[in-house]
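Undergrad: Sharing a structure below in structure tokens format, with a few things to ask.
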Amino acid sequence: QVQLVESGGGLVQAGGSLRLSCVASGRTFSSYAMGWFRQAPGNEREFVAVISTSGDIRYYADSVKGRFTISRDNAKNTVYLQMNSLKPEDTAVYYCAARSGVTSRTAGRYDYWGQGTQVTVST
């Protein structure tokens with residue numbers, strides 16, 4: 001069992017930055033690929049970024065490529081999402097998720113989810 005707790009969300013002006021963190025419980029964090037997803041009101045949950053177990057493979061949604069960076073610190077059981085040049089359309093609840101094994105862009109393939117953290121980008 002893995003428990004995930006996100007933090008770092010908030011209100012920011014367009015063009016600003018936020019850094020989300022997700023801390024995982026348990027001793028097997030390094031065996032999980034970690035993903036970030038987001039969900040805006042009325043929309044389906046969508047893929048944002050994913051990082052492999054060792055951190056050497058990263059994938060991003062086209063909408064955030066070049067602006068967001070995913071990273072992880074296995075010694076701290078933590079995955080991060082650095083978000084720069086934020087836009088109003090980035091407004092959503094952001095979730096981190098864990099899956100055993102390889103990376104995936106598909107939400108349904110993740111085994112564990114955090115409770116989410118709200119990110120609001122104002123104009």
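Undergrad: Only one of these conditions is not met by F47: (1) in contact with a Phe, Trp or Tyr (Cβ under 9 Å, 6 or more places away or on another chain); (2) in a loop (DSSP other than H, G, I, E, B). Which number is it?
TA: (2)
Undergrad: Among the residues of region 61-74, are any in contact with a Ser or Thr (Cβ under 6 Å, 6 or more places away or on another chain), among the charged types (D, E, K, R) and modelled with pLDDT of 95 or more?
TA: To start, the set of residues in region 61-74 that are in contact with a Ser or Thr (Cβ under 6 Å, 6 or more places away or on another chain) comprises 67, 74.
Imposing the further condition that a residue be among the charged types (D, E, K, R) reduces the set to 67.
Imposing the further condition that a residue be modelled with pLDDT of 95 or more reduces the set to 67.
Yes.
Undergrad: Does G66 meet the test of being assigned to a loop (DSSP other than H, G, I, E, B) and out of contact with any strand residue (DSSP E or B) (no Cβ under 7 Å at 6 or more places or on another chain)? Break it down stepwise before answering.
TA: Values: assigned to a loop (DSSP other than H, G, I, E, B): yes; out of contact with any strand residue (DSSP E or B) (no Cβ under 7 Å at 6 or more places or on another chain): yes.
Yes; evaluated as a whole, the condition is true for this residue.
Undergrad: Out of all the residues in region 66-122, which are open to solvent by 10 Å² or more (accessible area, probe 1.4 Å), within 11 Å of the chain's Cα centre (by Cα) and among the aromatic types (F, W, Y)?
TA: Listed by number, the residues that qualify are Y80, Y95, W113.
Undergrad: Taking the residues in region 18-37 that are part of a strand (DSSP E or B) and of a type in the set (F, W, Y) as candidates, determine which candidate is nearest to P88 (Cα to Cα).
TA: F37
Undergrad: I'm checking my understanding of the structure. Among residues of region 5-17 that are part of a strand (DSSP E or B) and open to solvent by 30 Å² or more (accessible area, probe 1.4 Å), which one is nearest to Q82 (Cα to Cα)?
TA: For region 5-17, the residue satisfying everything is S7.
The values are calculated or read from the model by the stated rules, or taken from the named source; none is laboratory data. Here the structure is a predicted model, which means the values were calculated and not measured. Counting neighbours? That spans all protein chains shown, and the Cβs are built from the backbone with ideal geometry, glycine included. The area values use the complete protein model at the heavy-atom level, side chains included, leaving out ligands, DNA and RNA. Shrake-Rupley method; radii C 1.70, N 1.55, O 1.52, S 1.80 Å.
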